[in-house]
Amino acid sequence: MQSGTPYLSVVAEARDGRSTFAPAWAEQAARCDLPLELIVTEPGRRNRGIRQARGEFVLATDIDDVCSGELMAFLASRRLAKGRLYRADRCDGDGRLWACEGIFELTSDGWRKNQPDDITRAESGIYFGGGWFPPDLSGGRIGRFFGEEAEVFLPRKPREWAALDLDVEPGPSVRPPARLQVIGSGGAVAAEWEILERRAVRLWPPSDRIHLRTVNGGWPKPSDLHIWNFRCLHADWADLPPVSARAWKETARGNWPTLARLRSRRRVFGAIRLLRAAANDVFGAGIEGWDEGWSYLERSGGETFRWVGDQAELVVRRMGRARLAMLVEPGPGVGGRSFTLRVEPAGRIVVNGVTYAELPLPASAEPVVKLTLSPEGGAKQIGDDDRILAYRVFGVGVGQAGSLRPAGNPPLRSPHEAAPWVQLTRERHPPSIDWSGKLKASDTLIAEIGPCSELHLHAAGDFLLMAREHWHDLRGFPQVGVPPQEQATLLCLAAQAAGLREEALPAAMRMCRAVPGEIPASELSTSALWVANQMRRRHLPAIFNSHDWGRD
């Protein structure tokens, strides 16, 4: 212990006669010039050590834990504040991370390891960081819940600006209108969706990191202490349609009912060239995404096509001085008559019968461009089909004028520049779980608790740091008949109910343990959960110990 009044007191219980704790902490503190008091108590007597502590701030930890260099440097910077409860992750020697959301295995590169049954393929190169809970089976499907903020890391993208698919639905902790945002550089909102049901979106991240944020979330569940705002059922790189190369004659024969109705015979070769590259669907070279305005693939009368509604979106990859090519025909939604198709921001196409047309794509620093298609004057639903059949598309693709082959790439905008991300909604479905019905019996309790934040409760006894006066106000760890982990959990909840704000330190500022610890039960006992919910609903801390706590 250093002379003078310590800035920090560190309290741990002795165990198994180990004696490396004090030398390790003292050496780190001396290197960082941190005035430190070390208190090692007998087993079961940590409250006595906390009461005796003289430091301005007091840290309760485990005797097997040491600070990372980054954590010790932060403590030595003397930036701790009153009114806070500081928590930190713990990393074990076997590569296990004890984080806010759960216990995770780590890869050799330090990412949280994906599970065999997960929402992404093991080889996808997509990793889920802070804010994501482990995968679980609910509503008959594997999914991952995430909280207020969540990070996705993309260290191995298939190519720059690769298309990523996410399938997201509301969780139990959001209320309509629940919005999910992507936060770009500088904190700007780069993309946003209102998630009322299960929603499949596709986006083109310009960087190797996605930061998700929830708006109108944080509502609790009485059954446990987790905040589950949204649930992701799928996260993987888009499975783009293959670009085929059918023979000219085969393409012409297979599409002759369509080609025979072309108003302009000189456009036949362009149409065949387009259809050669769209043999498996209507989407050919350069098409990377289409939204829910495009209907399903149909085959009728020897023709293959998709109906399109009164507004649809299409994302294309620009290749050199690229042009968009379309083979399109009016539908009953526009009366089957000639109409003008707006393709914003590329231009307009006059559609008169089966029409083949090309439009130059707008100049852009990004390699992908979103186009919005809509008939001038709109379209309406006709007949028994509940879809709006504005027009049908037999083929659409991107390439050079007179050729649908790629030809070079445009310069890329820096991913650090603030700009909206290219994204679209592909499909919507009913959610897999009706949370409003499932939680209806607890509506009153949930309203009384109100929105709250996820607390870092895993390995809580390894790093609990707050001002000495707060320890005295709360009278230390609850000395009740529950396991030590539950005592630490109840103390965290009491601190929150007393008005302290939890601050989970960044991932690099973690505790380290060479000898792996046992994994405790993941959920609170029934009695401890009841006490936790009473604190949350009354917004008052439960004080278990008497005024002479820590004197036994």
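The values are calculated or read from the model by the stated rules, or taken from the named source; none is laboratory data. Computed from a prediction, not measured in an experiment: that's the story for all the values here. Here the Cβ positions follow ideal geometry from the backbone for every residue, glycine too, while neighbour counts run over all protein chains shown.
Some values worked out for this structure:
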{"item": "Filter result (out of contact with any helix residue (DSSP H, G or I) (no Cβ under 8 Å at 6 or more places or on another chain) and either assigned to a loop (DSSP other than H, G, I, E, B) or aromatic (Phe, Trp, Tyr) (or both)) within region 224-239", "result": "226, 227, 228, 229, 230, 237, 238, 239"}
{"item": "Residue count for region 463-475, restricted to those that are over 27 Å from the mean Cα position of the chain (by Cα) and part of a strand (DSSP E or B)", "result": "4"}
{"item": "Scope region 443-462; condition outside any loop (DSSP other than H, G, I, E, B) and either within 25 Å of residue 66 (Cα to Cα) or not acidic (Asp, Glu) (or both); matching residues", "result": "444, 445, 446, 447, 449, 460, 461, 462"}
{"item": "Some residue of region 129-137 being part of a loop (DSSP other than H, G, I, E, B), surrounded by fewer than 17 Cβ atoms within 10 Å (Cβ to Cβ), more than 16 Å from the chain's Cα centre (by Cα) and assigned by TED's automatic domain parsing to the domain that holds residue 198", "result": "no"}
{"item": "Enumeration of residues in region 94-128 that are β-branched (Val, Ile, Thr) and crowded, with 18+ Cβ neighbours inside 10 Å", "result": "119, 120, 126"}
{"item": "Residue within region 479-500 that is surrounded by fewer than 16 Cβ atoms within 10 Å (Cβ to Cβ), under 30 Å from residue 177 (Cα atoms) and modelled with pLDDT of 95 or more present", "result": "yes"}
{"item": "The lone exception for residue 66 - which of (1) within 15 Å of residue 508 (Cβ to Cβ); (2) at pLDDT 95 or above; (3) in contact with a helix residue (DSSP H, G or I) (Cβ under 7 Å, 6 or more places away or on another chain); (4) among the aliphatic types (A, V, I, L, M) it fails", "result": "(2)"}
{"item": "Out of 254, 218, sole residue that is surrounded by 13 or more Cβ atoms within 10 Å (Cβ to Cβ), in contact with a Ser or Thr (Cβ under 9 Å, 6 or more places away or on another chain), in the same structural domain as residue 327 (by TED's automatic domain parsing) and more than 22 Å from residue 422 (Cα to Cα)", "result": "254"}
{"item": "Residues that are assigned to a helix (DSSP H, G or I) and crowded, with 17+ Cβ neighbours inside 10 Å, drawn from region 257-278", "result": "258, 259, 267, 270, 271, 272, 273, 274, 275, 276"}
{"item": "Any strands (runs of 3 or more DSSP E) falling wholly within region 1-120 and containing at least 2 residues that are out of contact with any Asp or Glu (no Cβ under 9 Å at 6 or more places or on another chain) and over 30 Å from residue 148 (Cβ atoms)", "result": "36-41"}
{"item": "Those strands (runs of 3 or more DSSP E) lying entirely in region 167-211 with at least 1 residues of a type in the set (Asp, Glu) and surrounded by fewer than 17 Cβ atoms within 10 Å (Cβ to Cβ)", "result": "189-194"}
